[in-house]
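Taking it in order: structure first as structure tokens, then the write-up.
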Amino acid sequence: MELAYAEHFIASSSKQLQFVVLDVFGRLRIIDNQLATDFVKEIAQYWRCNTASIAAHLRVVARALQIHALLLPGLGGNLTRAVSQSRGPVVYIITSQWHLDRIHMLERIKSAGNLKLVYFVHDILPCVFPEYFPAADEERTSRTMENAARLADVVVANSQATADTFRKKFGKDRLSDSIVVAPLGLSVAVPREKKVNEPTKPYFVMVGTIEPRKNHLLILNVWRALRAERGVDTPRLILIGGRGWENENIVDMLERSPALQGFVEERSRISDEEMIQIVSGARALIMPSFAEGYGLPLADTLALGVPALCSDIPTLREIGGDVPEFLDPLDGVGWRSAIIDYLDGTSGRRQAQLQRLVEWQPPRWDDHFSRISHVLKALTS
């Protein structure tokens with residue numbers, strides 16, 4: 001999402017655009033646009049094509065170190081001074097949930113002149129479901145969101161569900177037009193030719209960090225039961241995503257359960273292109289999460305024309321509409337039944353979803369940035 005913003009503004013507003021970096025001394029410094037543009041190009045290439053390449057990773061690290069090295073002797077611009085010297089409003093867009101824990105720094109910058117702060121809220125799940133996150137996350141997220149409610153001129157939320165929760169918990173006194181919903185667009189591109197041949201054995205896919213909130217444990221237990229019933233005819237399950245927090249029980253099953261060996265596979269470092277190829281060949285995406293701030297894997301999957309089985313939670317209904325099959329995240333029997341039905345690629349149940357999918361319209365970055373453009377115009381007029 002940050003990459004999409006960087007590329008959008010480089011292409012559309014380069015003359016008015018400046019990038020800032022939090023340096024090693026905790027100061028927000030303005031950096032040279034060419035340096036920033038080179039870094040954006042490098043990291044785009046890395047994320048989209050070369051995440052498995054150590055050399056590509058080192059090139060990204062080298063670019064970042066180059067930027068920070070140049071900031072050490074004070075070569076970067078001073079954001080506070082730039083705001084104070086500006087003849088008109090300066091809009092500072094924070095696209096990730098950072099920096100607002102540095103409240104005094106931002107207060108100082110805002111007090112220097114006419115600074116308009118636009119802050120993007122991806123989710124506030126640690127405040128709603130603290131049991132799924134490290135203990136410190138709830139307090140830090142709560143403090144950050146309180147600061148956003150107080151300092152941000154506009155809060156942008158990725159979904160209506162996120163916006164409603166933010167308003168209820170932190171923004172009850174905010175004006176209605178100061179909280180804007182702008183769903184994320186999709187960066188996934190449907191391949192012209194699928195490089196993956198028809199699989200010799202059908203498979204399903206899960207995309208997301210391996211952690212309790214994503215509910216991998218339920219699906220792994222379903223797979224263990226399927227193995228006991230079907231033996232070598234059990235479908236494969238591919239887990240795309242790194243290992244996250246408090247996942248000991250999940251990891252124990254992945255590493256020590258004989259029933260899952262050869263039928264459940266982890267893929268933690270793959271490029272976007274590889275992910276697209278894997279998801280495109282799956283019988284369905286499985287997304288049994290207990291909570292999501294947005295649920296981008298669902299949107300990506302539907303955009304590729306692949307069916308989805310997912311939890312019946314507000315954010316996923318907001319994205320998927322009436323296309324996916326929605327199940328209770330605790331209904332193991334229901335998930336097992338759906339997986340068995342979707343195992344047959346020609347089943348009536350799966351074909352019905354494919355028919356619904358024909359009418360589904362993916363969220364677009366053009367629509368997202370159109371809304372952001374209206375926000376910026378209102379703040380600077």
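The values are calculated or read from the model by the stated rules, or taken from the named source; none is laboratory data. Just so we're clear, the structure is a prediction, and the values are computed from it rather than from any experiment. Positions of Cβ are backbone-derived with ideal geometry, glycine not excepted, and every protein chain shown enters the neighbour counts.
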- Query: Taking segment 106-131, which residues are aliphatic (A, V, I, L, M) and either outside the structural domain of LEU17 (by TED's automatic domain parsing) or over 27 Å from the mean Cα position of the chain (by Cα) (or both)?
  - Reply: ILE109, ALA112, LEU115
- Item | Count of segment 356-381 residues which are more than 27 Å from the chain's Cα centre (by Cα) and either charged (D, E, K, R) or closer than 19 Å to GLY281 by Cα (or both) | 0
- Task: Inspect all residues belonging to segment 38-52 and state whether any of them is touching a strand residue (DSSP E or B) at 6+ places or on another chain (Cβ under 6 Å) and either of a type outside the set (D, E, K, R) or modelled with pLDDT under 85 (or both).
- Result: no
- Query: For LEU70, are the conditions met, namely being buried (at least 17 other Cβ atoms within 10 Å of the Cβ), in a helix (DSSP H, G or I) and at pLDDT below 90?
  - Reply: yes
- Query: Does ARG48 fit the bill of being in a strand (DSSP E or B), assigned by TED's automatic domain parsing to the domain that holds HIS104 and either touching a helix residue (DSSP H, G or I) at 6+ places or on another chain (Cβ under 9 Å) or within 25 Å of ILE372 (Cβ to Cβ) (or both)?
  - Reply: no
- Message: I want to confirm something. Restricting to segment 171-182 and keeping residues that are touching a strand residue (DSSP E or B) at 6+ places or on another chain (Cβ under 9 Å) and of a type outside the set (Ser, Thr, Tyr), which single residue is farthest from SER271 (Cα to Cα)?
- Response: ARG174
- Among (1) surrounded by fewer than 18 Cβ atoms within 10 Å (Cβ to Cβ); (2) of a type in the set (D, E, K, R); (3) within 30 Å of MET145 (Cβ to Cβ); (4) in contact (Cβ under 8 Å) with a residue 40 or more places away in the chain, which single condition is ARG29 missing? (1)
- Task: Please tell me if HIS368 is outside the structural domain of HIS216 (by TED's automatic domain parsing) and crowded, with 16+ Cβ neighbours inside 10 Å.
- Result: yes
- Message: Go through (1) farther than 30 Å from GLN160 by Cβ; (2) surrounded by fewer than 19 Cβ atoms within 10 Å (Cβ to Cβ); (3) out of contact with any Ser or Thr (no Cβ under 7 Å at 6 or more places or on another chain) for GLU246 and report which single condition fails.
- Response: (1)
- What helices (runs of 4 or more DSSP H) completely inside segment 242-354 contain at least 2 residues that are touching a residue at least 60 places away in the same chain (Cβ under 8 Å) and among the aromatic types (Phe, Trp, Tyr)? 332-343
- In this structure, is ARG102 within 30 Å of LEU125 (Cβ to Cβ), among the basic types (Lys, Arg) and touching a Leu at 6+ places or on another chain (Cβ under 9 Å)? yes
